[in-house]
Every structure is written in C-alpha cells, then in structure tokens.
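See below for the structure under consideration.
The values are calculated or read from the model by the stated rules, or taken from the named source; none is laboratory data. Every value quoted in this text rests on a predicted model; they were computed, and no experiment measured them. With ideal geometry, Cβ positions are generated from the backbone for all residues, glycine too; neighbour counts draw on all protein chains shown. Ligands, DNA and RNA are stripped out before the accessible areas are found, and what is left, the full protein with its side chains, is counted by its heavy atoms. Shrake-Rupley method; radii C 1.70, N 1.55, O 1.52, S 1.80 Å.
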Amino acid sequence: QVQLVESGGGLVQAGGSLRLSCAASGTIFSINEMGWYRQAPGKQRELVAVITRGGSTDYADSVKGRFTISRGNTKNTVYLQMNSLKPEDTAVYYCWYGVGVRNYWGQGTQVTVSS
C-alpha cells in the first residue's frame, strides 16, 4: 500500500502563486509515476501534470507555462509550483501515484483563486 499526504493548498488572488507538496510513504516501487489531478465542482477529475521517476514531465494545455511539477531528492515527494493562477484553476487538487496498473490517491487539497 502507498499513502499520499498533500499540503499547500489555500486561497490566493488571481495572478498569485501556490506550491503544493505530496509525500508518498509505504511500499514504494522504483519504477513509478507521480502527478497531480484536479476536480472542480460539477466537473470530472482532470490531469494537471505528471512526472516519471526519470524526470520526464507532461502538462495539461491549460497549465503549460504556468505550472511546474518536480520531484524531491528522495523521489517519493512531488511538488506542483503554480504561478499566474487564474480563477478557473479553482479546484480540489489530488496527488496521484501510479505503478503498473495500480493507482493511489491523496485526500485532496483545496485551491481557491479569487478574481
């Protein structure tokens, strides 16, 4: 089992920045991916950014150039630096850990961007 603990959400004005953190613990496999998804009210959960253990990244078009995903030195921590935030970025952000066909999720952290 893998446990994910997120932190860093909150309320910020449009144009501001936030940094989300997620730490994974438990049975950590050497080949894995980590990332962030988000879900706004009334909408489906969507991919925000993912990063492989080797450092390859992928982003949703809506956040490219504004968000940066990175992993910590231990590879069990993932960060999401969010700059130039917009009201449409308001959502619950979920940390994700994937290995093979297994998916693990954090409890979610609220990000609210006021206009």
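If each residue of separation counts as 0.36 nm, what is the full-extension length gain between ALA40 and THR68 once their alpha-carbon separation is subtracted?
8.1 nm
Within the chain, what whole-number % of the accessible surface is contributed by carbon and sulfur, with the 1.4 Å probe and all protein chains included in the calculation?
48 percent
Before anything else, pin down the relative contact order of segment 1-47: Cα pairs under 8 Å, at least 6 apart, normalised by residue count, whole percent.
Computed over segment 1-47, the figure is 32 percent.
Could you order peptides 6-12, 58-64, 45-51, 92-98 by the average number of other Cβ atoms within 10 Å of their residues, highest first?
In decreasing order of mean packing, 6-12, 58-64, 45-51, 92-98 become 92-98, 45-51, 6-12, 58-64.
Size of the dipole of segment 48-115 about the Cα centre, Lys and Arg at +1 and Asp and Glu at -1 on the beta carbon, nothing else charged, in debye to 20?
So the magnitude is around 280 debye.
Given a Förster distance of 35 Å, report the FRET efficiency between THR27 and GLU88 from their Cβ-Cβ distance, rounded to the nearest 0.05.
After rounding to 0.05, the efficiency reads 0.45.
Please compute the net charge surrounding TYR104, taking Lys and Arg as +1 and Asp and Glu as -1 over other residues with Cβ under 13 Å from its Cβ.
The answer is -1.
Let me spell out the model: positive unit charges on the Cβ of Lys and Arg, negative unit charges on the Cβ of Asp and Glu, origin at the Cα centre of the chain. What dipole size does that give, in debye rounded to 20?
In debye, rounded to 20, the chain gives about 140.
Just the number please: accessible area per residue for the chain, 1.4 Å probe, all protein chains included, in Å².
52 Å²
Considering the dipole of the chain built from charges on the beta carbon (Lys and Arg +1, Asp and Glu -1) around the Cα centre, which of GLY106, VAL12, GLN1 is farthest to its positive end?
The listed residue farthest towards the positive side: GLN1.
Can you give the extra length, in nm with one decimal, that the chain gains between LEU11 and ARG53 once fully stretched, where that is 0.36 nm per residue apart less the Cα-Cα distance?
Extra length from LEU11 to ARG53 when fully extended: 12.1 nm.
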